[in-house]
Amino acid sequence: DDRELENELTQKDADARINEEKEKMEEKKNLADEATAQYFEFKRSVAKQAVNSRSGKPLAVKDIENCITNEKKKEDEVIAVRLENIKLMNKLKKRETQLKQKEELADGLHLIDFEQLKIENQTYNEKIEERNEELLKLRKKITTTVQVLTHVKEKLQFVQGENAGQREILKHVEFEVAKKRDILSRTKQARDSLRIDNVKLRKKCGLIGQEALLRDSRSGKMIQTD
């Protein structure tokens, strides 16, 4: 309970200090803003009384305001860079403190911790060795696969070459077959034409050339005569 009360009082004291510092910072910021405004107002009044060295005329209000605006921007950039530099310096100090603490912790390691680190290091080395062996096996497999793929590629190229030759032969055979079919078709047409002509001639000639029919016809006539 006493410890909790002490922690609570410490936290309240810290919060009070933080609020006090914030108020001081805000007050300083207001004073700085007021001083900056007075500074630029002074520069503005001086610039309005100034005369252009070339033309001899007073400076234009627009040019004065642009100049002051640009200067404010540059001032803001400088402030931002300074703040960033302060942040980086604080980070650097924090990292240096952490590094120093780690170094002090390393110096305070006991022998058993050192031995434990050696065991862990040995375990990691063994795992690395296993991974190296697996990597070597994998590389051998890749080499074998590449060789097989090269052989297959060469065989494929050879087969493609043979196929190209066979395709040429097939084209020639198909061409010859087409020619034979055309000749056969023409021959069939000529045969059919000759059949038709033969039928027509038979009709025109009657019994001429048909010996059996002529004999039957003569025999019939002789029987009728008797």
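The values are calculated or read from the model by the stated rules, or taken from the named source; none is laboratory data. Every value quoted in this text rests on a predicted model; they were computed, and no experiment measured them. As a convention, Cβ positions derive from the backbone with ideal geometry for all residues, glycine included, and neighbour counts pool all protein chains shown. Areas reflect the complete protein model, heavy atoms only, side chains present, ligands, DNA and RNA absent. Shrake-Rupley method; radii C 1.70, N 1.55, O 1.52, S 1.80 Å.
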(request) Hey, could you check region 90-127 for residues that are of a type in the set (V, I, T) and open to solvent by 90 Å² or more (accessible area, probe 1.4 Å) and say which is modelled with the highest pLDDT? (result) I119
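Residue-by-condition table, conditions (1) modelled with pLDDT of 80 or more; (2) hydrophobic (A, V, I, L, M, F, W, C):
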| residue | (1), (2) |
| --- | --- |
| N7 | no, no |
| K12 | no, no |
| A16 | yes, yes |
| N19 | yes, no |
| K24 | yes, no |
| E27 | yes, no |
| Q38 | yes, no |
| S45 | yes, no |
(request) Say whether the condition of being more than 30 Å from Q38 (Cβ to Cβ) and either hydrophobic (A, V, I, L, M, F, W, C) or modelled with pLDDT of 85 or more (or both) is met by at least one residue in region 79-89. (result) yes
(request) Among residues belonging to region 144-201 that are aliphatic (A, V, I, L, M), over 56 Å from the mean Cα position of the chain (by Cα) and modelled with pLDDT under 85, point out the one that is most open to solvent (accessible area, probe 1.4 Å). (result) L201
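Residue-by-condition table, conditions (1) open to solvent by 80 Å² or more (accessible area, probe 1.4 Å); (2) assigned to a helix (DSSP H, G or I):
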residue: E23; (1), (2): yes, yes
residue: E27; (1), (2): yes, yes
residue: F40; (1), (2): no, yes
residue: R54; (1), (2): yes, no
residue: K62; (1), (2): yes, yes
residue: V78; (1), (2): no, yes
residue: R82; (1), (2): yes, yes
